[in-house]
1. Have a look at H191, H210, H235 and point out the one that is within 14 Å of the chain's Cα centre (by Cα) and more than 25 Å from R329 (Cα to Cα).
2. In the range 22-42, what residues are open to solvent by less than 50 Å² (accessible area, probe 1.4 Å) and among the β-branched types (V, I, T)?
3. Could you please let me know if T18 is among the hydroxyl-bearing types (S, T, Y), over 20 Å from L115 (Cα atoms) and open to solvent by 30 Å² or more (accessible area, probe 1.4 Å)?
4. Let me confirm something: among I284, I258, which residue is touching a strand residue (DSSP E or B) at 6+ places or on another chain (Cβ under 6 Å) and at pLDDT below 95?
5. Which residue out of G380, G372, G307 is outside the structural domain of G42 (by TED's automatic domain parsing), under 30 Å from G42 (Cβ atoms) and either within 25 Å of the chain's Cα centre (by Cα) or exposed (fewer than 12 other Cβ atoms within 10 Å of the Cβ) (or both)?
6. List, please: which pairs have Cβ atoms under 8 Å, are six or more places apart or on different chains, and start with a residue in the range 351-370 that is among the basic types (K, R) and end with one that is outside any strand (DSSP E or B)?
7. Looking only at the range 27-48, count how many residues are among the aliphatic types (A, V, I, L, M) and within 16 Å of the ligand (Cβ to nearest atom).
8. Restricting to the range 225-242, give me the number of residues that are of a type outside the set (V, I, T) and either open to solvent by 80 Å² or more (accessible area, probe 1.4 Å) or under 18 Å from H60 (Cβ atoms) (or both).
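The values are calculated or read from the model by the stated rules, or taken from the named source; none is laboratory data. Just so it is clear, the structure is predicted and the values come from calculations on it, not from any experiment. Don't worry about glycine lacking a Cβ; one is built from the backbone with ideal geometry, like all the others, and counts go over all protein chains shown. Heavy atoms of the whole protein, side chains included, go into the accessibility calculation; ligands, DNA and RNA do not. Shrake-Rupley method; radii C 1.70, N 1.55, O 1.52, S 1.80 Å.
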Amino acid sequence: MKSTVVAPTPIKKTKKYTDRILGIYDKNTPGPTIICICGMHGNEPSGVIAFEKVIEQLRHQQLPIKGRLMGVLGNMSALEKGERYNQYDLNRLWTAENMMSLQQDRDHRTFKDALEQKELHETLTSLLGQNQHPYYFIDLHTTSAKSTPYISINDTLRNREIALRYPLPIVLGLEEHLEGTILNYINKIGHISLGFEAGQHDDPLSIKNHEAIIWLTLFNTHCISGADIPALKKHFEQLSGSINKGKNVYEVRYRHAIASGEHFTMNPGFVNFQSVKKDQALAINGQGSVKSPEKGLIFMPLYQSKGDDGFFIIRKIRWVWLKFSAVLRRTKFHRVLHFLPGIYRYNALNYTLVINKKIAKWFVVEFFHLMGFRLKRKQGNFIIFIKREFDVDAPHH
Ligand SMILES: [Zn+2]
């Protein structure tokens, strides 16, 4: 007898959308607002499809909810073409400069991705104006290479607290290397936000992982009780069963930024969270072999034509350090740092510190990371760090 293998339905790659709001589910009961950002990258339809499936099930079964679930589309014109972006990556446009000109209504950029940003910014501003606190943002992505699912966050205690409720690895500190992501902007204005990478762009499993994270978010934020969520255990196991190295927390140590004209090509076969040795050949470029600067795990190896990040090297943070850093931050220990030799308070308002490495010889970047600072710039012997906003406490509304 001939055996038949049922091939999984491939993801339908492109779709035309007319409304930036993908869906709302709300039963007029007070509670948090969960906003799923779907399709920030046009070649990542998985999050869009998953959100539509979840909201359909909520509507079909009329499940009780406290607060509301919303889906908002990212790069609609790029989704229509199935391409990552038009001219510029929409997820790199949320820089302080751009946000300032958008808020002051003096933004004159006319390329398509900027127009997408303007509209998305308007939509988010109007949603936040409705004052349905607290807000939780989940930015749904997929990767070019096959990957185990993971969460990435800006390292605030408020983000950590929610991120640790999922059975997933967590990567901290990508924002030091990636300017202008939407999550940076959302964190800056004081809202909790997680990035979630579900798997490979075209893998039907990515949709399942995206669905699972939305259901688990409804549970973790107490919008829907566990008893009311259909197949909660299945969604939990969907995620916990797809990870390969356990529920660890990692920090980004290195980014290989691709220079223009570098002719960067990743060596084949690397997967996310794969262990690499110091000096191991990872890619080739015009100059020859690109090697790992240190021992660690390779992260986000680039296997697509568009993008400036060749790969990252990450390292596991031990739990004891995570706990210690939480204690330091809650006691506001950072406020006394500028009394130490070689450390100067540059700006008291947003808590910028300048470190003179010649004087502060004991200095290590990791220490400032633990305290909730992000590295802003290195200049000769000087290093500038900024304390992350709303690390321990939410802003007042
Ligand atoms: Zn993406």
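1. Working: H191 fails: more than 25 Å from R329 (Cα to Cα); H235 fails: within 14 Å of the chain's Cα centre (by Cα).
Exactly one of H191, H210, H235 is within 14 Å of the chain's Cα centre (by Cα) and more than 25 Å from R329 (Cα to Cα), namely H210.
2. Of the residues in the range 22-42, the ones open to solvent by less than 50 Å² (accessible area, probe 1.4 Å) are 22-23, 25, 31-42.
Passing the criteria: T33, I34, I35, I37.
3. Details: among the hydroxyl-bearing types (S, T, Y): yes; over 20 Å from L115 (Cα atoms): no; open to solvent by 30 Å² or more (accessible area, probe 1.4 Å): yes.
Criteria not met by T18.
4. Matching residue, one of I284, I258: I258.
5. Details: G380 fails: under 30 Å from G42 (Cβ atoms); G372 fails: under 30 Å from G42 (Cβ atoms).
It is G307.
6. From residues that are among the basic types (K, R), the pairs are K357/G342; K357/F363; K357/N381; K358/G342; K358/N381; K361/G342.
7. Of the residues in the range 27-48, the ones among the aliphatic types (A, V, I, L, M) are 34-35, 37, 40, 48.
Next cut, within 16 Å of the ligand (Cβ to nearest atom) only: 37, 40, 48.
Of the residues in the range 27-48, 3 are among the aliphatic types (A, V, I, L, M) and within 16 Å of the ligand (Cβ to nearest atom).
8. Here the count works out to 10.
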